[in-house]
Structures are given as C-alpha cells and as structure tokens.
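The values are calculated or read from the model by the stated rules, or taken from the named source; none is laboratory data. This one's a predicted model, so the numbers in the text were calculated from it and none came from an experiment. Positions of Cβ are generated from backbone atoms using ideal geometry, with glycine treated the same way; all protein chains shown enter the neighbour counts. These accessible areas exclude ligands, DNA and RNA; they are computed on the full protein's heavy atoms, side chains included. Shrake-Rupley method; radii C 1.70, N 1.55, O 1.52, S 1.80 Å.
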Amino acid sequence: MIRVDKKSSKDLTQGNIFALILTYTVPVILGQIFQNLYNSVDSIVVGQCVDVSALAAVSCSNDISQLIVGFFTGLSTGSSILFSRLYGQRRMEDLRHAIHTGLCFAVIVGVGMALVGVLICPALLHLVNCPEDIWDSAVVYLRIYLVGVFFTSVYNVLSGVLRAVGDSRSPFLFLVVASLTNVVLDFVFVMGLHMGVAGVAIATICSQMLSCCLILVKMTVTDDVYRLHWRELRVDGKILRQVAFYGLPAAIQMCIVSFSNLFIQRYLNDFGASAIAGVGAAKKIDGYVSMLPQSVGLTLASFTSQNLGAERYDRVFRGVRIGLGMCWVSVAAIGGVILCVPEFFARIFTDDAEAIHYCVTMMQIMIPFYLVMSIHSVCSNVIRGYGKSALAMVLVVMGMVVFRQIFMAISMHLRPCVENVIWSYPVGWSFAAAMELVCYLWLSRPYRKAGLRKAAAGGKEQKWS
C-alpha cells in the first residue's frame, strides 16, 4: 500500500485558497531568492574582486547557460503537471511509475546535454558575437558551468515531483544550503585562491551537486508516496510518452526563448564590455522582482492541475484571481523600492560609471512592466495546468520570440542603441500576456459550465472554499 504523508505532501484541493497559495509560494519565492543570491554573488565577486571584463564574461555567458538550464526548468515545470494531475486523481501507483521514469529521463538527457554543451561552447559564444577581449574568460566560465548541467537536470525534475505533491518547503531548504555553500566557495576560490571566473563556475557546480544529492536522499528515505525505490528505476514507455507530452513543450519553450535571448545578447555585445556588464547586472536585479510572479505561476500550475484532477473547477478560477493579485502587490512594492534608489543597487555589482548608467536605464524601463509580466506568468502556467502545455509553448514563443525579434529587427535598423535592446523585454511580455489571457478565458469556458452544472445538481462544488 502506498502511503501519503500529510506532513510532507499537501492536498491543494481542500482548504482556504489564499492560505494554500501563500504557504506553498513562500518557500518557492525564498528558494528563488537564495538561487538568485548565489547567481548574484558570482557577478558581485568577479565585478568587485576581479574587473569589469570578468563581469562582462560572466554576463555574456549567462544567456547561453540559461539556454541549457532553461530546458530542464521547463521539463520540470511541464512534467510536474502530470505528477500533480495523478496526485489529484489519487492514482498513486501511476504516480510512482511516473516519478521513476521521469528520473531516468532526467539522467539520460542531463548527461547528453552536458556533453554537447561542453563540446559546442565556442560555437555558442560565436553565435552571440562574444567580444575578443572577454573571449578566453567566457569560454572557461561557460565550459565549467555546463559540466554541472547533469545535476541541474536531476534536481529540477525531482523538485517538480515535490511541488506536484504540495511540498515546496524541501526544495527551498535544499536551495538555502546550496546557495550558502556557493557564496562561501565563491570567496574561497576567487578571493582566496585567485581563480577568477573559473572559481565562480566551480563553486556553482559544487552547489548544484550538493542540492542534487540532498533531494535524492530526501526522496530515498521518505515514507511518502514520492519515495524513490532504486530497484524500480526503469523507463516505462507509456509513462514516458506522458512525461514527454507535458514536459517537452515547456522545455522546448524555455529553450527557444533562451535561444532568442542569444540573439538579443548579440545585439548588445556590439556596444562593448560596459554595456554588457551593466545590462547583466540589471538582469540580476531584475531576477529578484521577476521571481515573484514566476513563483506564483509555478504554484498555480500545480494548484490548477490538482484541482482539475479532483474536479474542483471553481477553485482554479479563484486561485488565478488571488495569485494575480498577489503578484501585482508584490512587484509594485519591491519594484517601487528599486526605482527609488536604482544607482544604489547598480553599485553593488560594479563601480564602472558607464555600466551603472546602463543598469539604471534597464531597471527604469523594465520594472513598471512587471504588472504585465505577472499576467504572462500566471496565465501561461495555468494553461499548462489545464494540460495544454503545447499551446502554452506556442503562445510564449509567439510573444517572447517572434514579436520580440520583429521589434528588434525594425528598431535596431531605425536607431541602433542599447535602449532598444532593453525595450525588447517588455514588448515580448506584452504580446505574450495578451494572447495568453485570451486563451485562458477561452479554455476556462467548459470548466465554468461543468462547475455550474455540478452546483445545480447539488454536487461538492457547493462546498468551494
């Protein structure tokens, strides 16, 4: 008999919706803070302890590394929809098979992509037109960083399992330990051993390996439904097709968007090291604001899928409204603080005056549009929760890639400048959010009608909370 431990997993189909979303999202947000922290410390350490060229090398490599990491983040987000749906339907035996198949898939793909990434690293840097003066440092950083992709693959898929069963606390704790380890190792390798960009890359790999080991231990010793049984690790063809159906569209979407960012980075690299460093620093700051709607979106993906599996339709619509309100309040508060003293935050990363100028400019342009970005994050994840992962992929790609690249081609032809590169981000969000909102409302129609029929028939939908 498969045991469900209520202290570990969490049923998102019962209880107060605001409290559930808040308690589920807070660990996700805190985990994102710590994850962003060690990414930021990488940039702070090389920017302050080495030089602006080292910061530019790390920033230039960032979009390339996100191309690979984004694939596994998308795979985790998409496949967790399947795990959530099975958990909501109480199909625990199928859930167990899905978890073991998902882990095998993560290992195979992780090893393959790590090898390919290391081999084609120079080609990727050529693709973004990496400047010669930072080329050697960028190659060193990126090659070492991509070795750790295997650990990222396993961790992301397994953290998706925990989120699917309502446990967002454990991934947060693992990220805290890994982040603090990374920060300490950054100072040891860069300031103590003077290893430069290689030091921050090695520190990142060590922290990724630690978080991967922690989650494997957690899932091996637990008595809950998501326990790993090593002798059961095998690929179930039927389950694999379902994992791929839900996971690959989200993974491919993240890959395509990240690949599009490479071309955005290529435009930026023409403006020199200070522009690269300034925009790279702004992206780190931007990560702390954007993680709020992204974390709520991840919560709503699992929340939506569990409640659809349990046929609690009205909870889905309430969850969307509550989640969107939480996003708007949080980004307005944090974004407002950053906009009041943007130079203070820019100087955390660099003292270069030109880089500070570009960092401040990017923050002033992008932060007001996080109200729109919140709609994009919430609606795209709810659409995935509906089981329409491929549709969500198409909508995001249309907004964040197609329309964005059209904007870049036209604007850079008329007036080549860094500001147009920055404006491409809110332009992409706006197009994506508009299409996703329309699709969410359209997809919700049959569920609203089904909920009304259930309520009229005296079903459990009358007990929504």
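Does segment 277-286 include one or more residues that are charged (D, E, K, R), within 23 Å of the chain's Cα centre (by Cα) and farther than 30 Å from LEU125 by Cβ? No, segment 277-286 has no match at all. Has segment 290-306 got at least one residue that is buried (at least 21 other Cβ atoms within 10 Å of the Cβ), in contact with a helix residue (DSSP H, G or I) (Cβ under 9 Å, 6 or more places away or on another chain) and either more than 23 Å from VAL28 (Cβ to Cβ) or among the charged types (D, E, K, R) (or both)? Scanning segment 290-306 turns up no residue that is buried (at least 21 other Cβ atoms within 10 Å of the Cβ), in contact with a helix residue (DSSP H, G or I) (Cβ under 9 Å, 6 or more places away or on another chain) and either more than 23 Å from VAL28 (Cβ to Cβ) or among the charged types (D, E, K, R) (or both). In the set (1) within 30 Å of VAL58 (Cα to Cα); (2) surrounded by fewer than 24 Cβ atoms within 10 Å (Cβ to Cβ); (3) in contact (Cβ under 8 Å) with a residue 12 or more places away in the chain, GLU311 fails one condition alone, (1).
Residues are listed down the side, and each one gets a yes or a no for (1) of a type in the set (A, V, I, L, M); (2) under 25 Å from PHE431 (Cα atoms):
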site: HIS229; (1), (2): no, no
site: VAL235; (1), (2): yes, no
site: ARG241; (1), (2): no, no
site: ILE264; (1), (2): yes, yes
site: TYR267; (1), (2): no, yes
site: ALA275; (1), (2): yes, no
site: ALA282; (1), (2): yes, yes
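A quick yes/no check of all residues on (1) within 19 Å of ILE276 (Cα to Cα); (2) open to solvent by 10 Å² or more (accessible area, probe 1.4 Å); (3) assigned to a helix (DSSP H, G or I):
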site	(1), (2), (3)
HIS97	no, yes, yes
HIS100	no, no, yes
GLY112	no, yes, yes
PRO122	yes, yes, yes
HIS126	yes, yes, yes
ASP136	yes, yes, yes
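In segment 212-243, which residue that is free of Cβ contacts under 8 Å to residues at least 40 places away in the same chain and open to solvent by less than 50 Å² (accessible area, probe 1.4 Å) is farthest from ALA164 (Cα to Cα)? Among them, the one singled out is GLY237.
Among the residues making up segment 150-166, those that are open to solvent by 10 Å² or more (accessible area, probe 1.4 Å) and either of a type in the set (S, T, N, Q) or under 30 Å from GLY15 (Cβ atoms) (or both) are THR152, TYR155, ASN156, ARG163. Restricted to helices (runs of 4 or more DSSP H) entirely inside segment 294-374, those with at least 2 residues that are under 18 Å from the mean Cα position of the chain (by Cα) are 313-340.
Within segment 191-211, residues that are in contact (Cβ under 8 Å) with a residue 12 or more places away in the chain sit with their Cβ atoms under 6 Å from residues that are assigned to a loop (DSSP other than H, G, I, E, B), at 6+ positions apart or across chains, in these pairs: GLY196/VAL50; ILE205/GLY148; GLN208/GLY148.
Take the conditions (1) aromatic (Phe, Trp, Tyr); (2) more than 30 Å from ILE81 (Cβ to Cβ); (3) open to solvent by less than 20 Å² (accessible area, probe 1.4 Å); TYR386 misses just one of them, which is (2).
Selection of segment 389-415 for residues being touching a residue at least 60 places away in the same chain (Cβ under 8 Å), in contact with a Phe, Trp or Tyr (Cβ under 9 Å, 6 or more places away or on another chain) and not hydroxyl-bearing (Ser, Thr, Tyr) yields ALA390, ALA392, MET400, VAL401, ARG404, GLN405, MET408, MET412. Does any residue of segment 421-434 turn out to be open to solvent by 20 Å² or more (accessible area, probe 1.4 Å) and more than 25 Å from TRP328 (Cα to Cα)? No, segment 421-434 has no match at all.
Against the conditions (1) open to solvent by 60 Å² or more (accessible area, probe 1.4 Å); (2) aliphatic (A, V, I, L, M); (3) assigned to a helix (DSSP H, G or I), VAL257 satisfies every one except (1). Scanning segment 182-192 finds one or more residues that are aliphatic (A, V, I, L, M), farther than 30 Å from LEU95 by Cβ, open to solvent by less than 50 Å² (accessible area, probe 1.4 Å) and at pLDDT below 80.
Taking the numbered list (1) closer than 23 Å to TRP230 by Cα; (2) open to solvent by 20 Å² or more (accessible area, probe 1.4 Å) in turn, VAL147 passes all entries but (1).
Applying the criterion of being within 14 Å of VAL296 (Cβ to Cβ) and not hydrophobic (A, V, I, L, M, F, W, C) to the residues of segment 319-354, the residue that is most open to solvent (accessible area, probe 1.4 Å) is ARG321.
Taken over segment 50-68, the residue count meeting the criterion of being modelled with pLDDT under 70 and among the β-branched types (Val, Ile, Thr) is 2.
Whether any residue in segment 210-223 is of a type in the set (S, T, N, Q) and out of contact with any helix residue (DSSP H, G or I) (no Cβ under 8 Å at 6 or more places or on another chain) is what I want to check. Yes, because at least one residue in segment 210-223 is of a type in the set (S, T, N, Q) and out of contact with any helix residue (DSSP H, G or I) (no Cβ under 8 Å at 6 or more places or on another chain).
For LEU248, the test of being at pLDDT below 80 and among the aliphatic types (A, V, I, L, M) is passed. Note on segment 1-36: residues that are open to solvent by 40 Å² or more (accessible area, probe 1.4 Å), closer than 26 Å to ARG91 by Cα and at pLDDT below 70 total 7. Among the residues of segment 198-217, those that are at pLDDT below 85 and hydrophobic (A, V, I, L, M, F, W, C) comprise ALA198, VAL200, ALA201.
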